[in-house]
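Please treat every number below as a calculation from the coordinates, not as lab data. All values derive from a computational prediction rather than experimental measurement. Cβ atoms come from the backbone with ideal geometry, glycine included; neighbour counts cover every protein chain shown.
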Amino acid sequence: MPDLKIDTPFTTQTLQKLVQINSINPGLDPDGPGEEEIASFIYDTLNNLSVPCDIETVSPGRVNVTARIAGKGDGPSLMLNAHTDTVGVSGMEDPFSGRIEGNRLYGRGSYDMKGSIAAILGTAKAIKENNIQLKGDLILSFVADEEHESIGAQALVNKITADAAIVTEPTDLNLCLAHRGFGIFKITTDGKTAHGGRHKQGVDANMNMGLVLAELHQLSQRLPDENTHPLCGEASLHVPLISGGRSLFVYSNQCTIHAERRTIPGETLDQVTKELQTVIDRLSNKHPNFRASLETEIWRSPYEVDSSSDIVSATKEAATEHLGKVPDIIGHTWWEDSAIFGEAGIESVIIGPKGGGIHEDVEWVELDSVHLLAEILYKTAINFCIKEG
């Protein structure tokens, strides 16, 4: 294999330009422009590198870019993945500056995850310029909407497949093999409207919701002891939203909460739904005037890759070579698109750069770690896709 040649000035300059593009997710901020501009920049960059690529609008303003460095056809295919959207910038000063101070580049999305986009593009440049001929295809995917509903990843798996994937979410160059999932569940209690002075006629939906909240509180206290994972930590439950009642002096006819249940690998939608329905059924049997319903609004599965899989071995070997030590094996407590790829049959491992301020007022990424990530991706592609002699 020729000497490794990651173009670090190119990677840094590309990262700076990426951060200077506003790609706030409009599902989180109605003023967010979406991914159209950043997708066009990535598309143009790949074209300049002579990497065949496609651009796809999955929804107005919501755009995916995919590229393929074709192999000879007799080796496994690998996908390198990053999302292009960011959360909002409220509270940030100059969020799109891309300023560099020492070894840090600042701005919204620098760490989550435009540093990874730059590393993937740096990897593509190195493979093309070093004339590496792989046996299997190397697929580059840049998807919309990971921060909200993941319509980009859903569209991607309906269009392409691969034998394995590296999702380049931030890991501080550790190797992430698992992450938690989550479900958002809407629980509604029903009451009966009546004048506040006619207690025999009214049924208070808000009071009935109090019974639910008391049960959910007890469940939330049990979950961390009963449901744990060695990499992802504990399952959890909380209630971020509550709404009920029409007016003072009127019995509430309806109260609604949204319960957020964070799950660990092995937990399923059926299990969690049954867990919450059991709470409602128990209260219905105990209180004659209690009426409630349960709806699943969002479900994102937890994920764990087999630690003995080929993609884990190839990534660990490459990371060990370039870090000078075996990377730590970790799990994430949040959800990522890797679960969608895993459910589509694409074994996925997660590795990304070092940095800080994820979803916070000051976000930054370590430039050296972005360059290291590019080197790790480059070597992993060769390890996994089995380069020709």
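One table, with the values for the structure above:
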| quantity | calculated |
| --- | --- |
| Qualifying GluC sites (Glu not before Pro) in region 308-374, DSSP loop, other Cβ atoms within 10 Å at most 16 | E360 |
| All-pairs alpha carbon distance profile, the chain, 20 Å steps from 0, percent | 27, 49, 20, 4, 0 |
| Helix 8-19 vs. the chain, principal-axis angle (Cα, 0 to 90°, nearest 10) | 30 |
| For the chain, with +1 on Lys and Arg beta carbons and -1 on Asp and Glu, the positive-most of I38, I346, Q254 along the dipole | Q254 |
| DSSP-assigned coil residues among trypsin sites (Lys or Arg not before Pro) in region 142-213, each with at most 16 further Cβ atoms within 10 Å | K159, R198, K200 |
| Theoretical ellipticity at 222 nm over the chain - DSSP helices of four or more residues, -39500 (n - 2.57) apiece, nearest 500 | -10500 deg cm²/dmol |
| Descending semi-axes in Å of region 75-131, equivalent ellipsoid built from Cα gyration tensor | 28, 15, 7 |
| Helix 269-286 vs. the chain, principal-axis angle (Cα, 0 to 90°, nearest 10) | 10 |
| Electrostatic dipole magnitude of region 251-389 [Cβ: Lys, Arg +1; Asp, Glu -1; Cα centre; debye, to 20] | 620 |
| Isotropically averaged projected area of region 224-361, using the convex hull of Cα atoms (one quarter of hull area), nm² | 13.0 |
| Fluctuation leader among P265, P288, P95 - the chain, Gaussian network, Cα springs under 10 angstrom | P288 |
| Residue pairs, from the table K186/K286; K159/K186; K72/K325, whose Cα atoms sit over 29 Å apart | K159/K186; K72/K325 |
| Distance between modelled label sites at D29 and Q13, nm, 7 Å Cα→Cβ extension | 2.8 |
| Evaluated at q = 0.14 Å⁻¹: base-10 log I(q)/I(0), Debye formula over Cα of region 181-300 | -0.61 |
| Gyration tensor verdict on region 303-375 (Cα atoms; rounded if a/c is under 1.5, prolate if a/b is larger than b/c, oblate otherwise) | oblate |
| Rg/Rh for region 126-223, where both radii come from Cα atoms and Rh is the Kirkwood radius | 1.29 |
| Cβ-based charge dipole, the chain, positive-most Cα from V89, Q221, G210 | G210 |
| Trypsin sites (Lys or Arg not before Pro) lying in DSSP loop within region 297-389, provided at most 13 other Cβ fall within 10 Å | K325 |
| Cα-centred dipole magnitude for the chain, charges only on beta-carbon of K, R (+1) and D, E (-1), debye, nearest 20 | 980 |
| Computed FRET value (nearest 0.05) for N131 with E93, which takes r as the C-beta separation and R₀ as 41 Å | 0.40 |
| Within a Gaussian network of the chain (alpha carbon springs, distance under 10 Å), most fluctuating of S307, S116, S141 | S307 |
| Acute angle (nearest 10 degrees) that the helix 205-226 long axis makes with the longest principal axis of the chain, alpha-carbon atoms | 40 |
